[in-house]
Amino acid sequence: MFAAENGLKGDPRLKGISDAIRVVPHFPKPGIMFQDITTLVSNPRAFKDTIDIFVDRYRDMDISVVAGVEARGFMFAPAIALAIGAKFIPLRKPGKLPGEVISEAYELEYGKDRLEMHVGTVQHGDRALIIDDLVATGGTLSAAIRLLERVGAEVVECACVIGLPEVKGRCRLGGKPLYMLVEPRQ
Amino acid sequence: MAAQIVDSTDDRISRISSSIRVIPDFPKPGIMFQDITTLLLDPMAFKDTIDLFVERYKDKNINVVAGIEARGFIFGPPIALAIGAKFVPMRKPKKLPGEVISEEYSLEYGTDTMEMHVGAVQAGERALVVDDLIATGGTLSAAIRLLGRVGVDVVECACVIELPELKGRSRLGDKPLFVLVS
């Protein structure tokens, strides 16, 4: 579900956030209109508004874990975790996390990749958010949900700044609620 | 009053230091890896980490916080948000869309390249460079060079951890380094 349909209709911050996102045509390959959030994080007002909207939504939901997907999820998730007093857990590409990890495979357009999480970071009964900059097919987020559920966490919601057309009209992903701030600009 | 402030900082640093986990022989034998993920699991220690940087920089007119991929992306944005600065990611090759400038730096074996967006920063802006840890100083010095090439004034490099035996500080030229745990 998009923020505008879920309590924030007409909120001027959403337009500011959308306007701050740069569209880069034909990246990483022809035909893709890449939604570039670096212009959002370099706009202090829009970046603060982004974090504030997520924090306002989650601060009273008893969230104990905020998981962020490498690497762009790392730009948003820690600030949310800090504001709501939750643990931050990085979900990383293979081989980056030291020590014992569990991993989940997910599909790419061509081939597969894996997402890893540290063992022992989450307790049964932990209530978790999963944060990434953008959701397209939902492959990475679905792998993240599976990782957190394998260690006994309850995934409360997945949240992204941008939701691509593949998820338009959907309120759930991998059985979990999906919350997005804005749609892509053309 | 002054003594209380000093004690409070010492207490915070002590908590931060003890929350960092050391993993032997990662990524290869002989390396004692300083793992900050356990710090991130302690909300008070993580908050104290950010607060200590914010207290230092909030009145220093910093316009830009440059964070080095990927662990610099964890610490840089909360600092940037708290001090009202832009966050600028310094990335591995081919991750940033659009026009970039790039800088090569040495690894133990071979080289790597760091990229920054053209137009992300303006000449005359005052910047911090943030990463979780300074080892040899190779990545930090590449970031300093990238920012310097476009006329940005790097005020300081800020890391949670320093490995002083690797003498990274000396590779930063005239740029100061601030760390919480040495």
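The values are calculated or read from the model by the stated rules, or taken from the named source; none is laboratory data. What you see is a predicted model, and the numbers here were worked out from it, not measured in a lab. FYI the Cβ positions are ideal-geometry reconstructions off the backbone, even for glycines, and counts take in every protein chain you see.
Here are the numbers for this structure:
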| item | result |
| --- | --- |
| Residue in the range B:21-33 that is within 26 Å of A:V41 (Cβ to Cβ) and in contact with a Ser or Thr (Cβ under 7 Å, 6 or more places away or on another chain) present | no |
| Some residue of the range A:53-65 being assigned to a strand (DSSP E or B), buried (at least 20 other Cβ atoms within 10 Å of the Cβ) and either of a type in the set (G, A, S) or facing another protein chain (nearest Cβ under 10 Å) (or both) | yes |
| Residues satisfying the stated conditions in the range A:5-44, i.e. modelled with pLDDT of 95 or more, assigned to a helix (DSSP H, G or I) and either at the interface with chain B (Cβ under 9 Å from one of its Cβ atoms) or over 25 Å from B:I74 (Cα atoms) (or both) | A:P12, A:K15, A:T38, A:T39, A:V41, A:P44 |
| Cβ-Cβ under 7 Å pairs, at least 6 apart or on other chains, the range A:4-19 side surrounded by 16 or more Cβ atoms within 10 Å (Cβ to Cβ), far side at pLDDT below 90 | A:S18/A:R185 |
| Every pair of residues 6+ apart whose Cβ atoms lie under 6 Å, when the first sits in the range B:146-172 and is over 26 Å from B:V121 (Cα atoms) and touching a residue at least 60 places away in the same chain (Cβ under 8 Å) while the second is surrounded by 15 or more Cβ atoms within 10 Å (Cβ to Cβ) and of a type outside the set (S, T, N, Q) | B:I161/B:L133; B:I161/B:V181; B:L163/B:A135 |
| Yes/no for B:T49 being within 13 Å of chain A (Cβ to nearest Cβ), in contact with a Lys or Arg (Cβ under 6 Å, 6 or more places away or on another chain) and at pLDDT 95 or above | no |
| Residues satisfying the stated conditions in the range B:132-182, i.e. at negative phi, surrounded by fewer than 17 Cβ atoms within 10 Å (Cβ to Cβ), outside any helix (DSSP H, G or I) and among the charged types (D, E, K, R) | B:D153, B:D174 |
